[in-house]
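Just below is one structure, and these are the notes that go with it.
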Amino acid sequence: MEFRSDCATNQAGWAANYTSTTTPATCPIPTTLAATPTALTANLSWAAVSGVSAYEVSFKRTTASTWSTYTATTNSYVATGLTAGASYEWRVRSACSGATYSGYAGAAFITTDAPTTQIGTGAITVNQCEGVFKDSGGSSWNYNHYEDWTYTIAPTGSTGVTMVFSSFNIEANYDYLRIYNGPTTASPLIGTYTGTTSPGTVTASSGVMTLRFTSDNATYAAGWEATWTCVAAPSCTIASTVNALSGFKTDDFTANFTDNACTGTATRFYQVQDYNQTDWRCNAAAGFFNDSFIGTTLSTEWTSNSGTWSNSSNTLYQADDATPSGDNTNIYTPLTQANNATYLYTWSDMISGTGTNRRAGLHWFCDDATQSNRGNSYFIYYRVDNDKMQLYKVTANVFTMVLEVAATVDPNVWYTHKVLYNPTTGKVDIYRNNTFIGTWTDTAPLTSGNSISVRSGNCKYNVDNLQVFKSRSTTTAPVSLGSAAADMVRYQSPNATTNSGQISTLLLSNNTWTNTDTKGFLVDWTAPSTTTINDGTAADVDITTSANTLSANWAAATDANSGITTYEYSIGTTAGATNTLSWTNNGTATAFTQTGLVLSYGQTYYVNVRATNGAGLTSISSSDGILLPCDMASNLAVSSITTTSASVAWTAVSGATSYTVRYR
């Protein structure tokens, strides 16, 4: 029962009798109700009812006639969209089997006043996946002066929070609502809103959204109404990783990836970089690009065509925001782009300066970057002063806008961009901070380009981490090494522990991006140097007197990329042959003495040394040969001399199997 009276006439009232039953309720009423209000929310709780898995929760302003009703699956609920400093009633009942409900249990609470700079700023946090967000005056009243508070929406396990505003009206240029992509006001700023320009639909891709409202001491207005929803963490998490890259790579190879697109259709991308002992770059002739702008000077790959470009604080920086000199700046770099893959262009940027028509972005698939609009190309502009993303196609150096999307673009704020272009289908997909912005399909797509170009107008412009990836259709991709024009890795490791190649991968599925995974690898495609071998134990000798032992020594071989790991030696009767002794491990020693041989007199023997580097490549060197000679005959004696014959004899020579006798 509920009784209300007004502040005027009263009457005698009533009298009644009642009876009750002690029969246990088949659907028990919740008990022990409690409420913990803030200015804009209230945490409502009650004792759990045994056997009940859901509850119906309702609340309303005390003066209202309509209840707001929700379903809770636990014994608590957070009421949102409340008016500050207001009296509320709330009630809860158990939802039992079928359509059976218990009776209501009810209570009341009063929300606190809105936090202000006079009574103290405040912070409110809610963990629900959906709710209502209103200003402190709610639907019926204006907000207050001096307000200063934050409102953080942090649903457990969320991967995204989306806020949709149905109305928005605050004092222009004095009262502000700021929205951040994260748990604090130190998180990336999504946008700053004032006046009657609604934020519309805003998404925090981090899974947490923080809103901060401030008002001054003068004019106030009706405020806003909005609702939010979240994207719950998926039961399956998309992922893409580069499989382990072990040992040295000595030739072209196939990289393997582990991709998990869950139930979505994946677009897979990869990139190959090489290390020139100063910076990680890509071979533009292979269709990849990478510049992190490390250092104080720009790479010689860049050509500044117009504008004032430099490397400032490890970013690409364009300083001219004047008109007309800074209206169409151009710095470009070669990049081979062909009709054999979908290209991913990604970069971070910040637009600043004092211009009134500030805009900046990137050209791709340019065929003549020296022209004012880069010949034939596409380019994207983000505009600060009217909050737009614009996509253009350039034909014969004349551009046409083909897509325009409203997008908050704040000055002095860093954004990260991803643009996909498929030259086969002509489709362009655009993302900012990993949030989908828009798409357009060219029915007559460009199928080749030789450069990309950074462009700005009427602004100062910073660019960082400019990269170009290519798509792969499977979980493998080719990687080429060497000095050919389009080889992906052009440099070898400078030593046995420093990578000179690395592979990156990322994946897009259901408009969700994975993080980039990168793994490096060692490179050595050259064999060790050959060496000079000395027969004998010191300086080179040409004759040995032993029929069972040979020795040799040599200068150490060299390998600048992976070092020498081992030597082997063999012995043969020709250079490189192993018919006397097969290959024998000698560790890293550069000399040996081999006993137990069976050598033939009168035979020359060659020592061979095989040097192996850390990459498993080998070189073979051979000595100039060492001879085991026969001894000379001695004690010659001539007898039985006649006019037609004579007998000749000598002492037998050990090991000799025949003799050659000459006379005249």
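Would you mind stating whether SER53 is of a type in the set (Ser, Thr, Tyr) and either on the phi > 0 side of the Ramachandran plot or crowded, with 16+ Cβ neighbours inside 10 Å (or both)? No; evaluated as a whole, the condition is false for this residue.
The criterion of at least 3 residues that are of a type in the set (D, E, K, R) is met, among strands (runs of 3 or more DSSP E) falling completely within the stretch 379-446, by 427-432. Would it be correct to say that ALA656 is outside any strand (DSSP E or B), surrounded by 12 or more Cβ atoms within 10 Å (Cβ to Cβ) and among the aliphatic types (A, V, I, L, M)? Answer is yes for this residue. Residue count for the stretch 123-153 under the criterion of being open to solvent by 20 Å² or more (accessible area, probe 1.4 Å), under 40 Å from the mean Cα position of the chain (by Cα), more than 24 Å from ALA48 (Cα to Cα) and not polar (S, T, N, Q): the result is 4.
On the given criteria, is ARG662 basic (Lys, Arg) and within 51 Å of the chain's Cα centre (by Cα)? It is false that ARG662 is basic (Lys, Arg) and within 51 Å of the chain's Cα centre (by Cα). The set of residues in the stretch 226-246 that are more than 30 Å from ALA406 (Cα to Cα) and either outside any loop (DSSP other than H, G, I, E, B) or out of contact with any Gly (no Cβ under 8 Å at 6 or more places or on another chain) (or both) comprises SER235, CYS236, THR237, ALA239, SER240, THR241, VAL242, ASN243, ALA244, SER246. The condition of being over 21 Å from the mean Cα position of the chain (by Cα) and not hydrophobic (A, V, I, L, M, F, W, C) holds for only one of ASP464, ASP517, ASP524, that being ASP524. Taking into account only those residues within the stretch 637-651 that are of a type outside the set (Val, Ile, Thr) and surrounded by 10 or more Cβ atoms within 10 Å (Cβ to Cβ), which is farthest from SER600 (Cα to Cα)? Per the stated criteria, the residue is ALA646. Scanning the stretch 508-547 for residues that are of a type in the set (S, T, N, Q), touching a Ser or Thr at 6+ places or on another chain (Cβ under 6 Å) and open to solvent by 30 Å² or more (accessible area, probe 1.4 Å) gives THR516, THR518, SER529, THR530, THR537. Which residues, taken from the stretch 351-375, are of a type in the set (S, T, N, Q) and part of a strand (DSSP E or B)? Of everything in the stretch 351-375, just one residue is of a type in the set (S, T, N, Q) and part of a strand (DSSP E or B), namely SER352. Scanning the stretch 415-429 for residues that are in contact (Cβ under 8 Å) with a residue 40 or more places away in the chain and under 20 Å from the mean Cα position of the chain (by Cα) turns up TYR415, THR416, HIS417, LYS418, VAL419, LEU420, TYR421. Is it the case that GLY223 is closer than 30 Å to THR116 by Cα, touching a Gly at 6+ places or on another chain (Cβ under 7 Å) and not basic (Lys, Arg)? In short, yes. Considering only the stretch 415-422, I want to know if a residue exists there that is farther than 23 Å from THR512 by Cα, open to solvent by 10 Å² or more (accessible area, probe 1.4 Å) and at pLDDT 95 or above. No, the stretch 415-422 contains no residue that is farther than 23 Å from THR512 by Cα, open to solvent by 10 Å² or more (accessible area, probe 1.4 Å) and at pLDDT 95 or above. When the stretch 213-245 is filtered for residues that are more than 21 Å from the chain's Cα centre (by Cα) and either free of Cβ contacts under 8 Å to residues at least 60 places away in the same chain or buried (at least 20 other Cβ atoms within 10 Å of the Cβ) (or both), the ones remaining, listed by number, are PHE213, SER215, THR219, TYR220, GLY223, TRP224, ALA226, TRP228, CYS230, SER235. Of the residues making up the stretch 374-399, those that are under 16 Å from TRP364 (Cβ atoms) and loosely packed, with under 15 Cβ neighbours inside 10 Å number 2. Among the criteria (1) more than 26 Å from the chain's Cα centre (by Cα); (2) of a type outside the set (Asp, Glu); (3) open to solvent by 40 Å² or more (accessible area, probe 1.4 Å), the one ASN412 does not fulfil is (1). For the stretch 200-208, state whether one or more residues are modelled with pLDDT under 95, assigned to a loop (DSSP other than H, G, I, E, B), open to solvent by 50 Å² or more (accessible area, probe 1.4 Å) and over 30 Å from THR505 (Cβ atoms). Among the residues of the stretch 200-208, not one is modelled with pLDDT under 95, assigned to a loop (DSSP other than H, G, I, E, B), open to solvent by 50 Å² or more (accessible area, probe 1.4 Å) and over 30 Å from THR505 (Cβ atoms), which makes the answer no.
Out of the stretch 548-604, which residues are of a type in the set (Val, Ile, Thr), part of a loop (DSSP other than H, G, I, E, B) and open to solvent by less than 20 Å² (accessible area, probe 1.4 Å)? The answer is none; no residue qualifies.
Rundown of residues vs (1) modelled with pLDDT under 95; (2) of a type in the set (S, T, N, Q), yes/no style:
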| residue | (1), (2) |
| --- | --- |
| ASN243 | no, yes |
| LYS249 | no, no |
| ASP252 | no, no |
| PHE257 | no, no |
| ASN260 | yes, yes |
| ARG268 | no, no |
| VAL272 | no, no |
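Elements of the type strands (runs of 3 or more DSSP E) sitting completely within the stretch 257-340 and holding at least 2 residues that are open to solvent by 20 Å² or more (accessible area, probe 1.4 Å) and closer than 30 Å to GLY353 by Cα: these cover 303-306, 309-312, 329-337. Residues in the stretch 62-75 that are crowded, with 16+ Cβ neighbours inside 10 Å and either touching a residue at least 60 places away in the same chain (Cβ under 8 Å) or more than 25 Å from GLU225 (Cβ to Cβ) (or both): 1 in all.
Pairs only if they're at least six apart or on different chains, beta carbon under 6 angstrom, first in the stretch 643-664 and under 30 Å from SER546 (Cα atoms) and in contact (Cβ under 8 Å) with a residue 12 or more places away in the chain, second exposed (fewer than 11 other Cβ atoms within 10 Å of the Cβ) and of a type in the set (A, V, I, L, M, F, W, C); list them, first residue then second. What qualifies is VAL648/VAL638; ALA649/ALA637; TRP650/LEU636. Checked against the criteria, THR505 does not count as within 33 Å of the chain's Cα centre (by Cα), surrounded by fewer than 17 Cβ atoms within 10 Å (Cβ to Cβ) and not charged (D, E, K, R). Among the residues of the stretch 165-199, those identified as hydroxyl-bearing (Ser, Thr, Tyr), touching a strand residue (DSSP E or B) at 6+ places or on another chain (Cβ under 6 Å), outside any strand (DSSP E or B) and more than 15 Å from ASP148 (Cα to Cα) are SER187, THR196, SER198.
Just wondering, is there one or more residues in the stretch 332-346 that are modelled with pLDDT of 95 or more and more than 30 Å from THR267 (Cβ to Cβ)? Scanning the stretch 332-346, I find no residue that is modelled with pLDDT of 95 or more and more than 30 Å from THR267 (Cβ to Cβ), so the answer is no.
Within the stretch 531-547, the only residue that satisfies the criterion of being within 12 Å of TYR605 (Cα to Cα), of a type in the set (Val, Ile, Thr) and either free of Cβ contacts under 8 Å to residues at least 60 places away in the same chain or part of a strand (DSSP E or B) (or both) is ILE543. The set of residues from the stretch 447-460 being in a strand (DSSP E or B) and closer than 18 Å to GLN337 by Cβ comprises GLY449, ASN450, SER451, ILE452, SER453, VAL454, ARG455.
The values are calculated or read from the model by the stated rules, or taken from the named source; none is laboratory data. All figures in this text were calculated on a predicted structure; none of them were measured in a lab. Every residue, glycine among them, receives a Cβ derived from its backbone with ideal geometry; neighbour counts consider all protein chains shown. The area values use the complete protein model at the heavy-atom level, side chains included, leaving out ligands, DNA and RNA. Shrake-Rupley method; radii C 1.70, N 1.55, O 1.52, S 1.80 Å.
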